[in-house]
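Trainee: Questions regarding the structure given below will be posed in turn.
The values are calculated or read from the model by the stated rules, or taken from the named source; none is laboratory data. Fair warning: this is a prediction, and the values are worked out from it, not measured in the lab. Neighbour counts are summed over all protein chains in view; Cβ atoms, including those assigned to glycine, are modelled from backbone coordinates with ideal geometry.
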Amino acid sequence: MTLSVSLMRDRRRDLPHQLLARLRPLPVHVVERPGSSVWDCARAAWLTGIGDYIICFQDDFLPAKGFPVLARSFLAKYPDNPIAFWAWVPHEVSRGGALSMQIYANGGALCLPRRWVEPFLKWCERLDPLWGPDDSRFALWCSATGRRILTPVPHLVQHVSVVSLARPGQSIPRSDHFEDDPGRVRWSDVIVEHKANVKDFLISRYMHCKNKGKPGEVWWL
């Protein structure tokens with residue numbers, strides 16, 4: 001299995017040395033898109049990835065020690081799933097298990113098999129190009145295509161304590177299930193589902209359709 005990181009870089013802040021050090025030896029492709037939206041930068045980042053899996057990583061997150069090994073082992077245990085390496089949805093999942101969601105995707109370290117990147121980006125063309133959130137687009141695509149988003153427990157990345165540049169004035173959520181030095185984790189078969197009404201979620205997001213859609217319209221197929 002090959003894995004690469006596409007790092008979304010905002011030059012308004014310093015790039016933490018610790019971030020790059022903890023990603024080694026994974027190949028890291030830095031994507032700088034000054035003045036563009038979060039989605040513009042994310043889209044460019046997804047397109048730069050190589051290998052079997054691509055992680056779209058933001059520069060205000062810190063990976064756990066041993067991240068490359070832990071990420072590979074999680075992907076090997078749960079192949080062919082979209083992955084979010086952290087979540088701030090409350091949950092009760094034992095260490096070594098996974099949280100499964102369809103209507104939430106917390107950005108910062110999202111991962112897809114490379115063969116799914118093109119279908120994901122193509123599907124996103126139906127959304128309003130001025131609507132920026134990359135993680136919300138990720139969740140909408142997963143919901144529309146029946147894919148579940150898995151998050152490892154412990155979470156493998158953490159938001160650093162900085163002011164949000166993408167959403168000025170908003171607080172920075174942090175994971176309560178992050179372990180800075182988790183050591184070896186034996187991933188189990190336990191998957192805890194976060195219950196949600198996927199159809200209602202998609203209907204409620206009709207305003208983000210490029211053609212604006214209408215309340216109650218099936219716009220995502």
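Trainee: Can you name the residue in region 1-31 that is of a type in the set (S, T, N, Q) and either assigned to a loop (DSSP other than H, G, I, E, B) or surrounded by 15 or more Cβ atoms within 10 Å (Cβ to Cβ) (or both) and, of all such residues, is farthest from the chain's Cα centre (by Cα)?
Mentor: Only one residue tops the list, namely Thr2.
Trainee: Next up: Quick check on region 116-150: of everything there that is more than 16 Å from the chain's Cα centre (by Cα) and assigned to a loop (DSSP other than H, G, I, E, B), which residue is surrounded by the most Cβ atoms within 10 Å (Cβ to Cβ)?
Mentor: Trp131
Trainee: Name the residues in region 62-84 that are at pLDDT 95 or above, over 16 Å from Arg95 (Cβ atoms) and out of contact with any Lys or Arg (no Cβ under 9 Å at 6 or more places or on another chain), would you?
Mentor: Ala71, Arg72, Leu75, Ala76, Ile83, Ala84
Trainee: Which pairs have Cβ atoms under 6 Å, sit 6 or more apart or on different chains, and link a residue in region 1-25 that is more than 13 Å from Thr48 (Cα to Cα) to one that is among the aromatic types (Phe, Trp, Tyr) and buried (at least 18 other Cβ atoms within 10 Å of the Cβ)?
Mentor: Filtered contacts from region 1-25: Arg22/Phe67.
Trainee: Could you go through region 87-99 and let me know if any residue there is closer than 19 Å to Asp135 by Cα, touching a residue at least 12 places away in the same chain (Cβ under 8 Å) and within 13 Å of the chain's Cα centre (by Cα).
Mentor: Yes, the conditions are met somewhere in region 87-99.
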